[in-house]
Amino acid sequence: LKAKMIVDKDFAISEIDDRIYGSFIEHLGRAVYNGIYEPGHTTADENGFRGDVLGLINELQVPIVRYPGGNFVSGYNWEDTVGPKELRKRRLELAWRVVETNQFGFNEFVDWAKKANTQVMMAVNLGTRGIDDARNIVEYSNHASGSYWSDLRRSHGYEQPHNIKTWCLGNEMDGPWQIGHKTAAEYGRIALESAKVMKWVDPTIELVACGSSAIGMPTFPEWEATVLDHTYDHVEYLSLHQYYGNHENDTPTFLARSLQMEDFIRTVAATCDYIKAKKRSKKKMFLSFDEWNVWFHSNEADRKMDPWQIAPPQLEDVYNHEDALVVGTMLIAMLKHSDRVKMACLAQLVNVIAPIMTSNGGGAWRQTIFYPYMHASVFGRGKALVPLVQSDKYDTKEITDVPYLESIAIHNEEKEEVTIFAVNRHLEESLPFEIDLRSFGSATVIEHIVLESDDLKAVNTELQPNRVVPHNSGNATADGLSIQASLPKASWNVIRVK
Ligand code: AHR
């Protein structure tokens, strides 16, 4: 068993847009209430923002956070969420069948994002609402003053505009589960007309149109072609969403899913380019992979939940070691396509299918998936280099020619560092790995971080938060311009070279 990767600093895929390490907070379950916001918590600040959670988010260096949904946004009345808290309406929230108190709203999120040192990616409701609401919220948010909605914001205590740059035109409008589900043509029209007025209010904003909710959707990829036919000239990004699960307990297949994620990205990019050609356009459409993760552990519990509770636990997947490996391969998949994928959101950030968990009134801890996401965000800034990989392969019933090695190198020219992310998909054997850094002047290994576990199903919990944690005793060494390492079975690796 062996694997080799050749990288050359002159063969770059792209400069990585930092926003590829984004995440997502939806009004869902305990993401907001008792997640990022818990007035009275021992670590809460004067706004009720949990300090322990902010501390963990800070470790992740999250550049952008999508808000407020998700399925939630398709029934969202943003006006309910601003102004004096005591006047805010309680609503039946139909996407997740809970009661929304609106005690945390749009302006609170903008305040929170500042504390979390992150940008806001805001979504508008194109489910129950449309053009009028879309232009109003941009006016409330981004217009300086002297109009009804901008002056309303000022009267709410926000003298300066929020200047939110990135806006999503609805969410998963191709899904029958969506409030106000639409055909591609219906959505294409409303997205176009909303885009026009939003940009008339603020021409500096960037817009994301909804692509398919998953590669398996029956309308994929015709959906993308139709939506872009309407919106191509008026949006900057098309979205992709994808979640994976290991329902059958078939880990070799589960670990190979990122190959399908790459196919998804390639097909969406090709569809964008087809519409570009059709329109004789000079503009390149970029991709926003604004929901991605492992999601399946909590499905059963969620089906049994009683409706109309306030902030009940929902979508609380407890992630194990193999999930962290899948998250690592998904990150590498997106970095391999960083010439097209400019934004991405790990869905989600706190409690709801999330790297960070909290208990109400209690602690906050890191799930297994926290680590590959943190390593990628912290060390994966710079240029992604074309990975020329030779690796032994395996077949599963569903997916063939799966390389045991999944890897990419990132060149940070400013710091004069190269970081190699690598997953060994082999479940029993370690993988001898050689990295050929032929075009670099010299190479010394700074550290080789490894996330490994004897138990693929091992998890971190509040009582045992450190069962799956990385160590930096990996054995990578430099021999001239060649790095040699042995990647432990079923492991995520970060090899940092200077
Ligand atoms: O992230 C959880 C949900 O997954 C989102 O609300 C929705 O957009 C997707 O189906």
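Taking trypsin sites (Lys or Arg not before Pro) across the stretch 300-393, the ones in a DSSP loop with at most 10 further Cβ atoms lying within 10 angstrom of their Cβ are LYS304.
Using the rule -39500 (n - 2.57) for each DSSP H run of four or more residues, divided by the residues of the chain, the 222 nm mean residue ellipticity is -8000 deg cm²/dmol. Dividing the Cα radius of gyration of the chain by its Kirkwood radius returns 0.97 for Rg/Rh.
Taking every C-alpha pair closer than 8 Å and separated by at least 6 residues, the mean separation divided by the residue count of the chain gives a relative contact order of 19 percent. Modelled spin-label separation between ASP479 and LEU1, with each label point placed 7 Å from Cα along the Cα-to-Cβ direction: 2.0 nm. Amide H contacts of ILE446 (H built 1.01 Å from N, in plane; Pro and chain starts excluded): ARG496, VAL497, LYS498 sit under 5 Å, all sequence-distant by 5 or more or on other chains. Diffusion coefficient (Stokes-Einstein, Kirkwood radius over C-alpha pairs, 20 °C, 1.002 mPa s) for the stretch 316-433: 135 µm²/s, rounded to a whole number. Taken along the Cα-to-beta-carbon direction at a fixed 7 Å, the label points for ARG266 and ASN360 span 4.8 nm.
Label-to-label distance for ILE446 and LYS397 is 4.4 nm, based on points extended 7 Å past Cα in the beta-carbon direction. Rg/Rh for the stretch 45-84 (Cα atoms only, Rh after Kirkwood) is 1.07. For SER486 and GLU428, the difference between the fully extended length at 0.36 nm per residue and the C-alpha to C-alpha distance is 19.6 nm.
The ranking of TRP177, TRP96 from fewest to most other beta carbons within 10 Å of each one's beta carbon is TRP177, TRP96. Kirkwood hydrodynamic radius of the stretch 170-275, from the reciprocal of the average inverse Cα-Cα distance over all distinct pairs: 14.8 Å.
Residues whose amide H lies under 5 Å from that of ARG66, counting only those 5 or more places away or on a different chain, are SER23, PHE24, ILE25, MET121; hydrogens are built 1.01 Å from N in the peptide plane. Note on the chain: dipole from Cβ charges, positive end direction compared against ASN125, VAL389, TRP308; the farthest Cα belongs to ASN125. Going from the residue with the fewest nearby Cβ atoms within 10 Å to the one with the most, TYR76, TYR158 rank TYR158, TYR76.
Whole-Hz Karplus values for the stretch 334-342 come out as 5, 5, 5, 10, 6, 6, 10, 7, 9 Hz, taken residue by residue from phi with 6.51 cos²θ - 1.76 cosθ + 1.60 and θ = phi - 60°; glycine and proline positions read x. Each 5 Å bin from 0 upward holds the following percent of the Cα-Cα pairs of the stretch 45-141: 2, 12, 20, 23, 21, 14, 6, 1. The GluC sites (Glu not before Pro) of the stretch 139-228 meeting both criteria, a DSSP state outside H, G, I, E and B (loop) and at most 14 other C-beta atoms within 10 angstrom of the site's C-beta, are GLU159. Reducing the stretch 47-61 and the stretch 231-302 to their Cα centroids gives an inter-centroid distance of 29 Å. Pairs from the list LYS276/LYS342; LYS383/LYS489; LYS383/LYS415; LYS336/LYS383; LYS115/LYS383; LYS199/LYS283 with a Cα-Cα gap above 20 Å: LYS383/LYS489; LYS115/LYS383.
Every number here is computed from the coordinates shown, using simple stated rules; none is lab data. No experiment lies behind these values; they were computed from the predicted model shown. No Cβ is skipped: glycine too gets one built from the backbone with ideal geometry, and neighbour counts run over all protein chains shown.
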